[in-house]
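The values are calculated or read from the model by the stated rules, or taken from the named source; none is laboratory data. Because the structure is a prediction, the values reported are computed rather than measured. Don't worry about glycine lacking a Cβ; one is built from the backbone with ideal geometry, like all the others, and counts go over all protein chains shown.
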Amino acid sequence: MNPLFKRQIPFIALLVGLLVFGAAAPQQMVDVGIWALIYGFAAIGLSLLMGLAGQVSLGHAAFIAVGAYTQALLVAKANLNPLLAAPISVVAAMLVALLVGLPLLRLRGHFLALATLGLGIIVGVFVTEQEFTGGTSGIFGLPNISFGGRVYDTSQEYFLLLTPVVVIGLWLASNLVHSRTGRALSAVNDSEVAAECLGVDTFALRLRVFVVSAGYAGLAGVFYTHWLTIVNPSVSHFELSVKILLMVVLGGLGTVWGALIGAVAVQLLDDGLRGLIPILIPDAKGEIQLIGFGVVLVLVIILMPGGLAQLWARLMSAVRQRKHPIVRGEHETPVSQEEQRALLEESLKLLARAEHMPAGQTILAIRGLTKRYGGVTALDNLDLDVKAGEIMALIGPNGAGKTTAFNMITGVMVPTEGSVLLQGTEVAGKRPHIAAEIGATRTFQNLQTFKSTTVIGNVKVARHLRSKAGLVRGMLMLDRTEERLIDQASQAAIDAMGLTSLADKQIADLAFGKQRQVEVARALALEPSVLLLDEPMAGLSGPERDSLSWLLRRVKASGVTVLLVEHDVAAVMALADRVAVLDDGKLISLGTPAHVTSDPKVIAAYLGEEDDQSGGPATGAPTATSGAAAGGLA
């Protein structure tokens, strides 16, 4: 079966199931279903915001209110046809999201959640106090939706009207999750710094998804308006935001299907609580079911943080395990070193680019690079030129400032002073995606993998800069050709690292050394001009180190510049064209491996020896911090 068609089967089944339910179910259940679909549509948008963009919103009802009030005003006051008013109302909600998202999305965590809560309060107060919105009474007497000579004024008819809209909205959201944009945002959730170093502009992507999420909420507001035929300030209340949030959490973050399933579960819960709580608490008034929502939300977070989607995934995993038990090593076929090298050569051809700077020219110019933390100087006035087409190693004792230099070169850290010119463009103090766009990417001393996906899923993120499909193309599945090219290049990078058999494995299940290799494969897949590797050999076996050294020589031969931090000094000296030595944040030596190994300053830094100022022999004992490198220089 065609994989593309196979992906559509669940949506076809959902459409048929909802149509049958709408036509055959009792009216009371259909009424519950209508509210589940209306709020579920908004929950799908919030699921994109929380599951993809990792942004918690406690005021999502504000966008429902914007859509609902705009629709009511256009229909009741401007006498516009509801079908013509609907897209304007959706755009109004998206426009509000854009305006508030520009400042709000620069916040993180609970600060953003509180800011969105404030937005909901502001919208609620605004529509309550304004005369043109009807004040506390709202706008009433609105018509039912009608077109094609048919008025959708019964429960069954309105449910059948909602059904295709919700299924299409779910289909679009699901496509977005599996698109270039969705892949990048998922990576941001796992490791924002790693995603940015691969060229992902996290703020821009989060803003786009925030706007799309508001669009879903705005359309939910439109359907809300024409089902009740009245809109009042209750549509903006915090209780509604909590309900939609619970739908997303109960269904499972990161899955748009879960949002719809959660909507059905919460609406049934709401209906049940409205009947149960007055029995348990006779004098209960107002939205007392909020207590029940709160209890369920806390229990889900504690007992089932992945929601119903997590429970479903566990069940399916158990079924697959029972049907197809995994026998480790059952299908592994030994590959000779010659066969592996031939595969790597073919893979590198796919990753080769013609526009590298000519060898010997300065591709990375560092001037006066300094980082201070209060009275501590981590890096002190570093001047360094890296030539195109060379392998330069940056070595030094622990705490010498090597990783600090990497962080400032790639934009992870803002320097206190200094300049970093990458191919003639200043990148010091700019976001990491800027350096990646110019052609520099990196690996990390402490692993920064995307734990929620597979090996090939990790590597695909690195193709973000080498592909162009945006949010709309991804939602409409107009990116299939580009996705095939991404698959091909990502597989080539995986093959280049000898990880072919692990491509579809969850990266979280791999050993540390294999995850380290995936980081290198991911960096290669970006097709960088400058590749910065921070201790890439840490955790690798002897054969894996040999393979990586061979690969780096081939990468250099293709025109890529490599800047390497590594504690295995013997391997560095055999691999690097030039070596820069840092000690206590200062550059103390620069030159060929032979020059550096014989430099008295380097020997002193690593072995604790120093020249006797009176001409006598050195008497200093080796220092504890320099012991790790001593064997490599001895």
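Yes/no matrix, rows are residues, columns are (1) closer than 23 Å to ARG208 by Cα; (2) surrounded by 23 or more Cβ atoms within 10 Å (Cβ to Cβ):
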{"site": "LYS402", "(1), (2)": "no, yes"}
{"site": "MET413", "(1), (2)": "no, no"}
{"site": "VAL420", "(1), (2)": "no, yes"}
{"site": "ILE438", "(1), (2)": "no, no"}
{"site": "LEU476", "(1), (2)": "yes, no"}
{"site": "GLU483", "(1), (2)": "yes, no"}
{"site": "THR500", "(1), (2)": "no, no"}
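Using the structure shown, decide if GLY118 is farther than 25 Å from TRP227 by Cα, out of contact with any Pro (no Cβ under 7 Å at 6 or more places or on another chain) and not hydroxyl-bearing (Ser, Thr, Tyr). Criteria met by GLY118. Taken together, LEU447, LEU394 contain a single residue that is touching a helix residue (DSSP H, G or I) at 6+ places or on another chain (Cβ under 7 Å), among the aliphatic types (A, V, I, L, M) and surrounded by fewer than 19 Cβ atoms within 10 Å (Cβ to Cβ), which is LEU447. Can you give me the number of residues within the range 372-406 that are free of Cβ contacts under 8 Å to residues at least 60 places away in the same chain and assigned to a strand (DSSP E or B)? The number of residues fulfilling the criteria is 4.
Just a yes or no: is a residue in the range 108-128 farther than 30 Å from ASP201 by Cα and of a type in the set (Lys, Arg)? So far as the range 108-128 goes, no, none of its residues is farther than 30 Å from ASP201 by Cα and of a type in the set (Lys, Arg). Taken residue by residue, the range 34-48 has at least one member that is over 30 Å from LEU205 (Cα atoms) and assigned to a helix (DSSP H, G or I).
I need the full set of residues from the range 460-476 which are within 20 Å of GLY254 (Cβ to Cβ) and hydrophobic (A, V, I, L, M, F, W, C), in order please. First the steps, then the outcome.
Here is the first cut: in the range 460-476, the residues within 20 Å of GLY254 (Cβ to Cβ) are 460-461, 464, 471, 474-475.
Across the range 460-476, the qualifying residues are VAL461, LEU471, MET475.
For the range 567-634, the helices (runs of 4 or more DSSP H) that sit wholly inside it and include 1 or more residues that are modelled with pLDDT of 85 or more and more than 22 Å from TRP550 (Cα to Cα) are 593-597, 600-607. When the range 547-566 is filtered for residues that are within 19 Å of PHE406 (Cα to Cα) and outside any helix (DSSP H, G or I), the ones remaining, listed by number, are VAL560, THR561, VAL562, LEU563, LEU564, VAL565, GLU566.
A quick yes/no check of all residues on (1) at pLDDT 95 or above; (2) under 27 Å from VAL188 (Cα atoms); (3) in the same structural domain as ILE261 (by TED's automatic domain parsing); (4) surrounded by fewer than 21 Cβ atoms within 10 Å (Cβ to Cβ):
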site	(1), (2), (3), (4)
GLY22	no, no, yes, no
VAL32	no, no, yes, yes
LEU37	yes, no, yes, no
SER57	no, yes, yes, no
PHE63	yes, yes, yes, no
ALA68	yes, no, yes, no
LYS77	no, no, yes, yes
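Surrounded by 14 or more Cβ atoms within 10 Å (Cβ to Cβ), aliphatic (A, V, I, L, M) and within 16 Å of LEU46 (Cα to Cα), is that true of LEU95? In short, no.
For the range 227-234, does any single residue satisfy the condition of being crowded, with 24+ Cβ neighbours inside 10 Å and either in a helix (DSSP H, G or I) or without any contact (Cβ under 8 Å) to a residue 60 or more places away in the chain (or both)? Step through it out loud before you land on a result.
Within the range 227-234, the first condition is being crowded, with 24+ Cβ neighbours inside 10 Å, and the residues that meet it are 231.
The next check asks that each one be either in a helix (DSSP H, G or I) or without any contact (Cβ under 8 Å) to a residue 60 or more places away in the chain (or both); those that pass are none.
No, there is no match, as no residue in the range 227-234 is crowded, with 24+ Cβ neighbours inside 10 Å and either in a helix (DSSP H, G or I) or without any contact (Cβ under 8 Å) to a residue 60 or more places away in the chain (or both).
From the list LEU205, LEU240, LEU250, LEU198, the lone residue that is out of contact with any Asp or Glu (no Cβ under 7 Å at 6 or more places or on another chain), farther than 26 Å from PHE450 by Cβ and not β-branched (Val, Ile, Thr) is LEU240. Taken as a whole, the range 57-68 holds at least one residue that is touching a residue at least 24 places away in the same chain (Cβ under 8 Å), under 26 Å from LEU246 (Cβ atoms), among the polar types (S, T, N, Q) and not in a helix (DSSP H, G or I).
Is there a residue in the range 529-540 that is assigned to a helix (DSSP H, G or I) and not aromatic (Phe, Trp, Tyr)? Within the range 529-540, none of the residues are assigned to a helix (DSSP H, G or I) and not aromatic (Phe, Trp, Tyr).
Condition check ((1) buried (at least 21 other Cβ atoms within 10 Å of the Cβ); (2) among the aromatic types (Phe, Trp, Tyr); (3) modelled with pLDDT under 95; (4) not in a helix (DSSP H, G or I)) across all residues:
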position	(1), (2), (3), (4)
VAL188	yes, no, yes, no
VAL193	no, no, yes, no
ALA204	no, no, yes, no
VAL212	yes, no, no, no
ALA217	yes, no, no, no
GLY221	yes, no, no, no
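Just one of the listed residues (GLY109, GLY101, GLY138, GLY120) is more than 35 Å from the chain's Cα centre (by Cα) and either in the same structural domain as VAL248 (by TED's automatic domain parsing) or closer than 19 Å to ALA220 by Cα (or both), and it is GLY138.
Could you tell me whether PHE147 is buried (at least 20 other Cβ atoms within 10 Å of the Cβ) and either in contact (Cβ under 8 Å) with a residue 24 or more places away in the chain or not assigned by TED's automatic domain parsing to the domain that holds ALA204 (or both)? When the stated conditions are applied, PHE147 does not pass them.
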